[in-house]
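The values are calculated or read from the model by the stated rules, or taken from the named source; none is laboratory data. Here the structure is a predicted model, which means the values were calculated and not measured. Positions of Cβ are generated from backbone atoms using ideal geometry, with glycine treated the same way; all protein chains shown enter the neighbour counts. Keep in mind that these areas ignore ligands, DNA and RNA; they rest on the heavy atoms of the full protein, side chains included. Shrake-Rupley method; radii C 1.70, N 1.55, O 1.52, S 1.80 Å.
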Amino acid sequence: MSADKPPLITKCLNCGKKVVVKYVRASRDYSQKNHWGYWTEAKENDGCYTCDQCLFRLYKNYRWEFCQLIPNKKKRVLLRQYIVNGDIKGKIEPAFSKLRIKTIKKE
Ligand SMILES: [Zn+2]
């Protein structure tokens with residue numbers, strides 16, 4: 001039986017928030033769920049991580065970018081499953097939230 005490795009503490013490529021990457025004993029590797037290089041299959045993203053919220057927002061609010069950034073259709077399906085199952089948790093962000101805040105401040 002191999003020993004568990006400590007979780008990898010890194011930062012989200014997009015927003016800079018802390019990302020904790022769990023070590024998966026079954027696959028003897030770190031979880032690929034937040035590994036941006038895994039989703040994009042681009043070498044320059046290898047070892048770069050994104051937080052749940054950024055993945056969630058990309059899927060929910062930016063479908064066009066989602067398809068462009070993740071060219072592998074099987075991986076898009078897998079990422080969608082993670083979101084549907086709640087393995088990737090996030091909040092829906094309204095597109096005009098910033099605009100509304102500015103309007104309220106003016107009043
Ligand atoms: Zn993020």
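Structure summary
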item	result
So Lys17, is it open to solvent by 70 Å² or more (accessible area, probe 1.4 Å), of a type outside the set (A, V, I, L, M) and within 16 Å of the ligand (Cβ to nearest atom)	yes
Enumeration of residues in the stretch 41-95 that are closer than 16 Å to Lys17 by Cα and open to solvent by 80 Å² or more (accessible area, probe 1.4 Å)	Lys89, Lys91
Spans of helices (runs of 4 or more DSSP H) in the stretch 33-80 with at least 3 residues under 21 Å from Leu8 (Cα atoms) and not small (Gly, Ala, Ser)	36-40, 52-61
